[in-house]
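Please read the structure below before turning to the comments.
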Amino acid sequence: MAEQKTLLKVDGIHVYYGSIHAIKGVSFEVNEGEIVTLIGANGAGKSTTLNTVAGLLKPRAGSISFEGRDITGMSASKVVSLGMALCPEGRRVFQQMTVKENLEMGGYSRQPQEIPASLENVFSRFPRLKEREKQIAGTLSGGEQQMLAMGRALMSKPKLLMLDEPSMGLAPILVEQIFDIVKELNEAGSTILLVEQNAQMALSVADRAYVLGTGRITISGNAAEVLADDRVRAAYLGG
Amino acid sequence: MVAFLRFLINGVSLGSVYAIIALGYTMVYGIAKMLNFAHGDVIMVGAYIAFCAMAYLSLPPVVAVLMAMVVCTALGVVIEGLAYRPLRQAASLAVLITAIGVSYFLQNGALLIWGANPKIFDSVFSVGSVRLFGGELTITSETLLTIAANIVIMIALTLFTGRTKLGKAMRAVSEDKGAAELMGINVNRTISLTFAIGSALAAVAGVLLCSAYPTLMPTTGSMPGIKAFTAAVFGGIGSIPGAMIGGILLGMIEILGKAYISTELGDALVFAVLIVVLLFKPAGLLGKPVREKV
């Protein structure tokens, strides 16, 4: 594999919720063009890590850089304009706004004249959203809301797309569909950082993986290696 | 019959003032999830500024109103930045008590600057009045302009929140601050903007109120403030059309109640209606039932 450009570099971050030490020195990298997955049990700190990278939480120690630029402690609203978008856990679409308005909000950081082209782009990837353009987002099904959340994140034209538990609460057939879309997006040039509880699925699409156990990276490597790791099989893949 | 019509129109006019004030309560509640009990006192400051501009600086009424709006906008943004922003993560009770503190601060500040003696507010309108039914029914220009102002504000706010990028961002923030932040929306700035709009409307309400009821004192804002808050709850707090409907209904109930039932009980009647409505519709007329996030 040729030497890749590092897009995101997280170096020894420590994150606290009040007095609870949630993340204890996590380091990892995401290179341009990769799908990197962060797996681990419930409560291991996967979402906390993503939220910190996205700027919703501030690390007490350690650093985060994006394209070589230090973004540690930068607010989430600024991070977006640098080219990072987080599709948050539980989708969090704006329930009382229409599908189109949700997508427009996704493009908030961009110039107004760029929005129509991005909308077309999202609609061509998610034709279902086009059909429901004027519908209130709260009335969409779970799968549609996940598509909307992903489409909304894509509206900012991110260099790095972070997905937090995109398969959560979806029927198996939809889970597969969502992972197909993740692969397609990656093939179309997006770099993806994927957090998943569904380790099997995540490892099957990812290039590299990090396993998070109670606030620390315990195992890392190529997705295939991690998938074959006995400790991972025992802990996360049911045998 | 003519008398009833007169009471009805006066009710709608008073209700329009309540509605404009209630918008400030409801927008701030919608976005910051807090009850800004100092909102009523911003009305009073707005009325004093307009009064001073006309009485001491001899400025034309339109300029006086604009000046009041500018001062109140700044005041609203400063109050939010100094008093409420540091408490963004604090318990809601702490924010509520702070708001009451700000309210007393503004009232006593006004007492210090303008004194306890009531000022007689000159109406900002001098257009005369409309006579109907051969002079039996007189509608003053204050009444008509108040209703017109209310309609214009309602349309403008609906367009703002429905059509503009900033207005949509405001709705996004009121639904989910974290998700809005992830979109690149600056949440603090959006909350400031909401206070700015609410306070500018409070200035308008202050001028309209004092044009109809010309006695201006440091406590002038508190009763209308409480009634407008009632109107906001009545209509469904957080809902813009709810504030409008709640305000107008409240004004009508108050005036008709005073006219036909009892002058002394007019205010009590207003609150009695609120209690009855909340018994049957706890979220208010247009309010959405609160969903607890799990």
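The values are calculated or read from the model by the stated rules, or taken from the named source; none is laboratory data. Note that the coordinates shown come from a computational prediction; the quantities given were computed from them, not determined experimentally. Glycine gets a Cβ as well: all are built from the backbone with ideal geometry, and neighbour counts include every protein chain shown.
Is it fair to say residue A:78 is out of contact with any Leu (no Cβ under 9 Å at 6 or more places or on another chain) and among the basic types (Lys, Arg)?
Details: out of contact with any Leu (no Cβ under 9 Å at 6 or more places or on another chain): yes; among the basic types (Lys, Arg): yes.
Considered against the rule, which asks whether it is out of contact with any Leu (no Cβ under 9 Å at 6 or more places or on another chain) and among the basic types (Lys, Arg), residue A:78 comes out as yes.
Looking at region B:68-110 only, could you name the residues that are closer than 18 Å to residue B:200 by Cβ and of a type in the set (S, T, N, Q)?
As a first pass, look at region B:68-110 and keep what is closer than 18 Å to residue B:200 by Cβ: B:68-81, B:84, B:102, B:106.
If the condition is that a residue be closer than 18 Å to residue B:200 by Cβ and of a type in the set (S, T, N, Q), then B:73 is the only one that fits.
Among (1) under 22 Å from residue A:7 (Cα atoms); (2) assigned to a loop (DSSP other than H, G, I, E, B), where does residue A:167 come up short?
Among (1) under 22 Å from residue A:7 (Cα atoms); (2) assigned to a loop (DSSP other than H, G, I, E, B), the lone unmet condition for residue A:167 is (1).
What are the residues in region B:279-294 that are at pLDDT 85 or above and surrounded by fewer than 16 Cβ atoms within 10 Å (Cβ to Cβ), if any?
Listed by number, the residues that qualify are B:279, B:280, B:281, B:282.
Tell me the residue from A:130, A:134 that is farther than 19 Å from residue B:176 by Cα and away from chain B (no Cβ under 14 Å), please.
Details: A:134 fails: away from chain B (no Cβ under 14 Å).
Being farther than 19 Å from residue B:176 by Cα and away from chain B (no Cβ under 14 Å) holds for just one of A:130, A:134, which is A:130.
Among (1) assigned to a helix (DSSP H, G or I); (2) over 21 Å from residue A:159 (Cβ atoms); (3) within 13 Å of chain B (Cβ to nearest Cβ), where does residue A:92 come up short?
Exception for residue A:92: condition (1).
Right, residue B:33: surrounded by 16 or more Cβ atoms within 10 Å (Cβ to Cβ) and among the charged types (D, E, K, R) or not? Explain how you work it out, then say what you get.
Details: surrounded by 16 or more Cβ atoms within 10 Å (Cβ to Cβ): no; among the charged types (D, E, K, R): yes.
No: the conditions fail for residue B:33.
Between B:144, B:201, which is surrounded by 20 or more Cβ atoms within 10 Å (Cβ to Cβ) and away from chain A (no Cβ under 14 Å)? Can you show your working first?
On the way: B:144 fails: surrounded by 20 or more Cβ atoms within 10 Å (Cβ to Cβ).
Criteria check complete, one pass: B:201.
Can you pull out the residues in region A:51-83 that are within 9 Å of chain B (Cβ to nearest Cβ), surrounded by fewer than 23 Cβ atoms within 10 Å (Cβ to Cβ) and part of a loop (DSSP other than H, G, I, E, B)?
Passing the criteria: A:56, A:75.
To keep it simple, each residue is scored yes or no on (1) within 13 Å of another protein chain (Cβ to nearest Cβ); (2) under 20 Å from the mean Cα position of the chain (by Cα); (3) within 21 Å of residue A:182 (Cα to Cα); (4) not in a loop (DSSP other than H, G, I, E, B).
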site: A:85; (1), (2), (3), (4): yes, yes, yes, yes
site: A:121; (1), (2), (3), (4): no, yes, yes, yes
site: A:124; (1), (2), (3), (4): no, no, yes, yes
site: A:138; (1), (2), (3), (4): yes, no, no, yes
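Give me the pairs: first residue in region B:210-236 and farther than 15 Å from residue B:28 by Cα, second residue basic (Lys, Arg) and at pLDDT below 95, beta-carbon distance under 9 Å, and six or more apart or on different chains, which are they?
So the pair list comes out as B:210/B:119; B:214/B:119; B:215/B:119; B:216/B:119; B:217/B:119.
Can you name every residue in region A:192-217 that is part of a loop (DSSP other than H, G, I, E, B), at pLDDT 95 or above and buried (at least 20 other Cβ atoms within 10 Å of the Cβ)? Break it down stepwise before answering.
Taking region A:192-217 first, the residues part of a loop (DSSP other than H, G, I, E, B) are A:197-198, A:206-207, A:214-215.
Those still in the list that are at pLDDT 95 or above too: A:206-207.
A:206, the sole residue that qualifies.
Go over the candidates A:214, A:139 one by one and state the one that is out of contact with any strand residue (DSSP E or B) (no Cβ under 9 Å at 6 or more places or on another chain) and either farther than 23 Å from residue A:123 by Cβ or not acidic (Asp, Glu) (or both).
A:139
Please go through (1) free of Cβ contacts under 8 Å to residues at least 40 places away in the same chain; (2) in contact with a strand residue (DSSP E or B) (Cβ under 6 Å, 6 or more places away or on another chain); (3) of a type in the set (Ser, Thr, Tyr) for residue A:204 and return the number of the only condition it doesn't satisfy.
(2)
Any chance region A:102-117 includes a residue that's surrounded by 21 or more Cβ atoms within 10 Å (Cβ to Cβ), within 14 Å of chain B (Cβ to nearest Cβ) and part of a strand (DSSP E or B)?
The answer is no; no qualifying residue exists.
Looking only at residues that are within 14 Å of chain A (Cβ to nearest Cβ) and in contact (Cβ under 8 Å) with a residue 60 or more places away in the chain in region B:147-191, which one is farthest from residue A:134 (Cα to Cα)?
Top of the filtered list is B:188.
Residue under question is residue B:66, and the condition is that it be over 27 Å from residue B:101 (Cα atoms), in a helix (DSSP H, G or I) and without any contact (Cβ under 8 Å) to a residue 40 or more places away in the chain; does it hold?
Values: over 27 Å from residue B:101 (Cα atoms): yes; in a helix (DSSP H, G or I): yes; without any contact (Cβ under 8 Å) to a residue 40 or more places away in the chain: yes.
Yes, satisfied.
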